Amino acid sequence: MNPNILILGAPGAGKGTQSDNIVDEYGVDHVTTGDALRSNKGMDISHLGLAYDTPGEYMDKGELVPDEVVNEIVETALDEADGYVLDGYPRNLDQAEHLSAMTDLDVVLYLDVDEDVLVERLTGRRVCEECGATFHVDFDPPEQAGVCDECGGDLYQREDDSEETARERIRVYEDNTAPVVEFYDDRGELARVDGEQTPDEVWGDVSDAIETHA
Ligand code: ADP
Ligand code: ADP
Ligand code: ZN
């Protein structure tokens, strides 16, 4: 049985980067609501009668997409997975309750990173439009600027990685998701990792925590 892993942390904490390592090492599925929503930005959700008619309108403002949209995406993905690393969900307490009813977690990881570092990481992030690989202009630059080392695809900057939207996302994170971290901490389930170390050092601590708990 492959492990069921939850990875928590603010936007830019390194969840995607470490999830890639987890997938390589443990052969689990990477279930990420951010990527799932980005590939469905234009989905028509007008029948729900919410503030906006597509997920993309929430995302470009740095706001959370409504729970009824996100819960369904996650439920389908977890049903189909043989072991997973879940990244980007739950982002509020209602989602955390929903997740508890859906599945059993083996490990809950928390990547701890200060706000100034998060903003530097988000505004310097570059993503491959072909394969989704992530780089950073200063901390993890590609060999040739603007070109993916993995597949040669073009790198782009996510629309919500502007400084203004990055700060708004961190604010939304503090209001909504910080209580989720407490929720798992109170239950004694949280494995805290210092996310300000180098990516390799963070990976060392992450893999130790998985070996201990799973
Ligand atoms: P998240 O998925 O939590 O939003 P990412 O994994 O996409 O975060 O990382 C955000 C940015 O920071 C990326 O550009 C990535 O290359 C860079 N990054 C990730 N981990 C580290 C680290 N330990 N030190 C420095 N930069 C990092
Ligand atoms: P990051 O990699 O910076 O942590 P994500 O890629 O996870 O950001 O998320 C991008 C956007 O997608 C969020 O700002 C939000 O609008 C939406 N989103 C992702 N996951 C969720 C979720 N669990 N609940 C609501 N909205 C979400
Ligand atoms: Zn690529």
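The table for this structure:
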| item | result |
| --- | --- |
| Relative contact order of the chain, pairs being alpha-carbon contacts under 8 Å that are 6 or more residues apart, as % | 29 percent |
| Long-range HN-HN contacts of Glu130 with modeled amide H, under 5 Å | Asp154 |
| Carbon plus sulfur fraction of accessible area for the stretch 84-180, probe 1.4 Å, in percent | 38 percent |
| Paramagnetic label zone (point 7 Å from Cα along Cα-to-C-beta, Gln197; backbone N under 15 Å) in the stretch 111-150 | 111-113 |
| Helical mean residue ellipticity (222 nm; -39500 (n - 2.57) per DSSP H run of 4+; nearest 500) of the chain | -13500 deg cm²/dmol |
| Euclidean distance of C-alpha centroids, the stretch 32-59 and the stretch 153-214, integer Å | 23 Å |
| For His30, distant residues with modelled amide H under 5 Å away | Val85 |
| Rounded FRET efficiency, nearest 0.05, which uses the C-beta distance separating Leu48 from Ser100 and R0 of 25 Å | 0.60 |
| Positive-end residue, the stretch 67-135 charge dipole about Cα centroid, Cβ charges, pick of Leu122, Leu99, Leu109 | Leu122 |
| The stretch 1-47 - percent of accessible surface contributed by carbon and sulfur, probe 1.4 Å | 44 percent |
| Neighbour net charge for Gly34 - beta-carbon separation under 14 angstrom, K R +1, D E -1 | -1 |
| Beta bridges per DSSP with both ends in the chain, % antiparallel, nearest 5 | 30 percent |
| Counting all C-alpha pairs of the stretch 1-95, share separated by more than 17 Å (%) | 52 percent |
| Cα centre as origin, Lys/Arg/Asp/Glu Cβ charges: the chain dipole, Debye | 340 debye |
| Å² per residue, accessible surface of the stretch 63-214 at 1.4 Å | 54 Å² |
| Among Val85, Gly62, Ala214 the positive-end extreme of the charge dipole of the chain (Cβ point charges) | Gly62 |
| Integer Hz, Karplus 6.51/-1.76/1.60 couplings in order for the stretch 198-207, x for Gly and Pro | 5, x, 5, 5, 4, 4, x, 5, 5, 5 |
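The values are calculated or read from the model by the stated rules, or taken from the named source; none is laboratory data. Remember, predicted model here, so these are calculated numbers, not experimental data. Ideal geometry is used to build each Cβ from the backbone, glycine not excepted, and the neighbour counts take in all protein chains shown. In case anyone asks, the SASA skips ligands and DNA or RNA and just uses the protein heavy atoms, side chains included. Shrake-Rupley method; radii C 1.70, N 1.55, O 1.52, S 1.80 Å.
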